[in-house]
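Shown next, in structure tokens, is the structure this report addresses.
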Amino acid sequence: MADKWSDQIRACGLFFISIVVLMVIPLVYHCFVFLTAIPLWESSPWSCVILLVCFHVLFILLIVSYWMVIMTDAGGVPYELDEAWISELNLAHRFGLEAEVSERVSENAENSPLTVPSAERKLDGRQRYCRKCRKFKPDRAHHCKYCGRCVLKMDHHCPWVNNCIGYCNYKFFILFCSYATITSFYVAVTIFTGFVALLIEGRPLQFTIVEFEYVVVFCLMMAVTVVLTGFTGFHYMLLLKNMSTIEHVEKRDPTKKDQVNPFDLGRERNWYQVFGPNPWIWFLPVGAPAGDGVHWETSESLQPQV
């Protein structure tokens, strides 16, 4: 049943991508470029050039970010850690005792993943692991039932990109949401300005296919702007606190609401962890996140040793 549901989610993801790529993007591009900007060339060439340049800069950044968040793997548990963890569980699995792995064996094994410093452990003090994957679960990793595996620093599974959002592609996801919001707002304001200009000039409005396309695109861009403004702002808030959506939801648990986020290193270091230290590429869909997604610096490690 779970596999069938996962297949349906993935199918929906492909459907959503098809809608965006085959319908929404061409419609918005045609409306803005061919119906809005180019007709201004005869009356105001500079306005036409400025509108087209600004739009295409945002459009290219949006499309590349969208491509990167779709095509970049969110990050899985490294194979060598999987192998070490499976070898730890083999003997116990034969007796149905996966949760009762001998601490003597696991703690003394030189290459055991259980010796990796961890800020997140089970209530009994043992290292986290996934019963479905039978794999070692590093800090901030969670199992995605749609992808069928554990994802490093998993944030959520997004059907709009048909991919998990996690350690490796979170920057691209943030940039995609940001440029989608800015581009939608830019297109909506430009079209609205054209409506106002028509009303001021007193020209009659004729409800033709062109006007209908204007109305559809304007309403669509306003809806996207309203929805994504809050959504993108929420993710920037999480980024500055160094939290994932899953960790934010877990914080609502009454037993965990008073716990301090051990991964919060301060806003500046939290930002660098996702976007990197080079400000020239912060807002470009390139680069890789800091670290390896397995070992995480904590606020406790920043405290001076007494």
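Residue check: Val151 meets all listed conditions (1) touching a residue at least 60 places away in the same chain (Cβ under 8 Å); (2) open to solvent by 10 Å² or more (accessible area, probe 1.4 Å) but one, namely (2). In the condition set (1) buried (at least 17 other Cβ atoms within 10 Å of the Cβ); (2) under 29 Å from the mean Cα position of the chain (by Cα), Cys48 is compliant with all but (2). Among all positions in region 75-94, there is no residue which is among the β-branched types (Val, Ile, Thr), at pLDDT 75 or above and part of a helix (DSSP H, G or I).
From the list Lys137, Lys171, the one residue that fits, being basic (Lys, Arg) and at pLDDT 90 or above, is Lys171.
Condition check ((1) among the charged types (D, E, K, R); (2) in contact with a Lys or Arg (Cβ under 6 Å, 6 or more places away or on another chain); (3) over 23 Å from Ser18 (Cα atoms); (4) modelled with pLDDT under 95) across all residues:
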residue	(1), (2), (3), (4)
Pro159	no, no, no, yes
Ser178	no, no, no, no
Val187	no, no, no, no
Ala197	no, no, yes, yes
Val210	no, no, yes, yes
Val226	no, no, no, no
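The values are calculated or read from the model by the stated rules, or taken from the named source; none is laboratory data. Nothing here was measured: the structure is a model prediction, and the numbers come from that model. All Cβ positions, even for glycine, are placed from backbone atoms using ideal geometry, and neighbour counts span all protein chains on display. Ligands, DNA and RNA are stripped out before the accessible areas are found, and what is left, the full protein with its side chains, is counted by its heavy atoms. Shrake-Rupley method; radii C 1.70, N 1.55, O 1.52, S 1.80 Å.
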